[in-house]
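*Asks:* A single structure is presented below for examination.
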Amino acid sequence: MLHIHDDRSSVEIGQGTMIMPFAKLVTAEGGFIRIGSNCTIHSFDVLYGFSGGLQIGNNVRIGVNATFVTGNHRTEDPALGPNEQGSSSLGIEIGDGCWIGAGAIILDGVRLAPKSIVGAGAVVTKSRQGRVCLVGVPAKPMLKQGYVS
């Protein structure tokens with residue numbers, strides 16, 4: 001399913017990329033989704049590309065039911081509810097050759113270095129330097145040969 005909510009938003013899909021049935025790609029607010037070549041987007045994945053955008057490199061594998069959220073409600077003013085304060089969007093960048101496990105959630109502002117791994121069910125709330133293997137809720141680096149902790 002593809003939803004492009006305004007004429008300033010866009011979706012680009014590289015050559016050889018497979019998008020399985022029931023995946024959902026949504027852009028709005030002048031945002032974008034850019035998926036590189038030879039990637040796999042599985043069924044029930046949800047990819048949001050708000051103003052900060054979602055950039056996925058080449059040769060990235062994303063397991064079933066993963067979610068990428070490139071926006072957030074503002075909450076600075078405690079006198080107002082989140083829906084009354086507007087939103088922000090820093091975007092998400094996934095490096096070449098990353099592997100995102102089934103059910104993982106990647107939140108706004110996250111940058112993953114090439115060939116990083118996100119374990120199944122992990123919730124990634126912040127970027128990490130270098131090639132990492134992230135697991136858990138919230139996601140933390142797991143010591144693994146060839147990865148930084």
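*Asks:* Here are G86, G81: which of them is over 19 Å from K24 (Cβ atoms), without any contact (Cβ under 8 Å) to a residue 12 or more places away in the chain and surrounded by fewer than 17 Cβ atoms within 10 Å (Cβ to Cβ)?
*Replies:* On inspection, the qualifying residue turns out to be G81.
*Asks:* Continuing with the same structure: Which one of these does R61 not meet: (1) over 20 Å from K115 (Cβ atoms); (2) of a type in the set (K, R); (3) touching a Ser or Thr at 6+ places or on another chain (Cβ under 6 Å)?
*Replies:* Unmet for R61, out of (1) over 20 Å from K115 (Cβ atoms); (2) of a type in the set (K, R); (3) touching a Ser or Thr at 6+ places or on another chain (Cβ under 6 Å): (1).
*Asks:* In addition: Given the criteria in contact with a Phe, Trp or Tyr (Cβ under 8 Å, 6 or more places away or on another chain), buried (at least 19 other Cβ atoms within 10 Å of the Cβ) and modelled with pLDDT of 95 or more, does L54 qualify?
*Replies:* Yes; evaluated as a whole, the condition is true for this residue.
*Asks:* Please work out if G121 is touching a residue at least 40 places away in the same chain (Cβ under 8 Å), closer than 17 Å to F44 by Cβ, small (G, A, S) and not in a strand (DSSP E or B).
*Replies:* No, not satisfied.
*Asks:* Can you find, within the range 89-108, the residue that is nearest to V26 (Cα to Cα) among those that are among the acidic types (D, E) and part of a loop (DSSP other than H, G, I, E, B)?
*Replies:* Step by step, filter the range 89-108, then rank; the result is D108.
*Asks:* Taking the range 37-51 only, how many residues are crowded, with 19+ Cβ neighbours inside 10 Å and either aliphatic (A, V, I, L, M) or within 13 Å of the chain's Cα centre (by Cα) (or both)?
*Replies:* 6
*Asks:* Among (1) surrounded by 15 or more Cβ atoms within 10 Å (Cβ to Cβ); (2) over 16 Å from G95 (Cα atoms); (3) among the aliphatic types (A, V, I, L, M), which single condition is I33 missing?
*Replies:* Condition (2) is where I33 drops out.
The values are calculated or read from the model by the stated rules, or taken from the named source; none is laboratory data. Bear in mind that the values here come from a model prediction, so they are computed numbers and not experimental data. When we count neighbours, we look across all protein chains shown, and the Cβ atoms used for this are built from the backbone with ideal geometry, even at glycine.
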